[in-house]
1. Does segment 105-114 include one or more residues that are closer than 16 Å to Gly55 by Cβ and more than 10 Å from the ligand (Cβ to nearest atom)?
2. Residue check: is Ala88 closer than 28 Å to Ser211 by Cβ, more than 8 Å from the ligand (Cβ to nearest atom) and outside any helix (DSSP H, G or I)?
3. Looking at Ile85, is it among the β-branched types (Val, Ile, Thr) and open to solvent by 40 Å² or more (accessible area, probe 1.4 Å)?
4. Quick check on segment 63-75. Is at least one of its residues crowded, with 16+ Cβ neighbours inside 10 Å, of a type in the set (Lys, Arg) and away from the ligand (no atom under 11 Å from the Cβ)?
5. Residues that are touching a His at 6+ places or on another chain (Cβ under 7 Å): which strands (runs of 3 or more DSSP E) entirely in segment 91-174 hold 3 or more of them?
6. Out of all the residues in segment 169-178, is one or more closer than 24 Å to Val52 by Cβ, surrounded by fewer than 19 Cβ atoms within 10 Å (Cβ to Cβ) and within 16 Å of the ligand (Cβ to nearest atom)?
7. So Thr145 ticks every box in (1) within 10 Å of the ligand (Cβ to nearest atom); (2) among the hydroxyl-bearing types (Ser, Thr, Tyr); (3) surrounded by fewer than 20 Cβ atoms within 10 Å (Cβ to Cβ) but one. Which box is left unticked?
Amino acid sequence: MSEHILVERRGTTVWITLNRPEARNALSRAVNLRLAELANELEHDPTVRAVVIMGAGDKAFCAGADLKERKGIPAAESAPYINAISTAINEIAAIRKPTIAAMNGSAYGGGLELAMACDFRIAVEGCEVGLTEVRLGIMPGAGGTQRLPRLIGEARAKEMIMLGRRIPIARAYEIGLVHQVVPVGQLHAAVEGILTELSGCAPLSVIHAKSALERGANLPLDQGLEIEQQCYEVTLYSEDRDEGLAAFAAGRPPVYQGR
Ligand code: COA
């Protein structure tokens, strides 16, 4: 089973590959359990600064829940399968470090929910995305109804979710669902581009800026501003803050330690 998720370390970044191309990288229960465990490990590994998730092959990033595995399982016994997928996706979302979905192909259902749990989504031209669950007699259950409207607004989210629409990736870019669409073959370079940008940023600053953005997003402004101050304070007393100022004064690139 471990070969269904590949893990590769490149410098301070860990690349996770969903490796079931023959099933369009669908999320089986075993894959979800491993993904959750991995997310937790990476969150707590201080040597890891960023996480990239991609799918194997060129057909799909991830086709969502493994529908074949679920077939034949009575609703009353399906809780462990459903819980595993939402737990995995929530654990990915809970990684405080920057996360990137490198969308090598289409993403549906849980596949799109997984991509939405990441901070950045970069996709190849020609693919499509959709929360197709209502067409399958269910509904999004791993964050889709909550994360999609927060990303693209309620009106567009209703259109996608209540109609189970699959939309071309160019449209997903127009409505702000993905950050970048690149020609097939340039996906790695585009992801490396983001990682290079991140490497010039202080890791603690990025983590706490992400935290302020996410924790404050749905609060009244005054409470959000309070959270921002708490996060800011952590960076204020960091060694990297001194390094940032020293490097600026010396006209040299900073060397951040994440402390
Ligand atoms: N779960 C399990 N198996 C899946 C799957 C899923 N979600 N999606 C695709 N597969 C399997 C297919 O059954 C097929 O298996 P087979 O070769 O044993 O017949 C294989 O992956 C390839 O799928 P196929 O449809 O032939 O490939 P394609 O490249 O033409 O299309 C998709 C790929 C993803 C567009 C299409 O399979 C699809 O629409 N899947 C369902 C996506 C979805 O609605 N997901 C939401 C789940 S809640």
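1. Among the residues of segment 105-114, at least one is closer than 16 Å to Gly55 by Cβ and more than 10 Å from the ligand (Cβ to nearest atom), which makes the answer yes.
2. So Ala88 fails the test.
3. In short, no.
4. Looking through segment 63-75, none of the residues is crowded, with 16+ Cβ neighbours inside 10 Å, of a type in the set (Lys, Arg) and away from the ligand (no atom under 11 Å from the Cβ).
5. Working: elements: 99-103, 106-108, 120-124, 128-130, 166-168.
Those strands (runs of 3 or more DSSP E) span 120-124.
6. no
7. In the conditions (1) within 10 Å of the ligand (Cβ to nearest atom); (2) among the hydroxyl-bearing types (Ser, Thr, Tyr); (3) surrounded by fewer than 20 Cβ atoms within 10 Å (Cβ to Cβ), Thr145 misses (1) alone.
For every residue, the table says whether it meets (1) open to solvent by 60 Å² or more (accessible area, probe 1.4 Å); (2) more than 16 Å from the ligand (Cβ to nearest atom); (3) within 22 Å of Ala26 (Cα to Cα).
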residue: Lys97; (1), (2), (3): no, yes, no
residue: Ala123; (1), (2), (3): no, no, yes
residue: Arg135; (1), (2), (3): yes, no, yes
residue: Gly153; (1), (2), (3): no, yes, no
residue: Gly164; (1), (2), (3): no, no, yes
residue: Thr196; (1), (2), (3): yes, yes, no
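The values are calculated or read from the model by the stated rules, or taken from the named source; none is laboratory data. As the structure is a prediction and not an experimental result, all values here were calculated from the model. A quick note on method: Cβ atoms are made from the backbone with ideal geometry, for glycine too, and the neighbour counts reach across all protein chains shown. These accessible areas exclude ligands, DNA and RNA; they are computed on the full protein's heavy atoms, side chains included. Shrake-Rupley method; radii C 1.70, N 1.55, O 1.52, S 1.80 Å.
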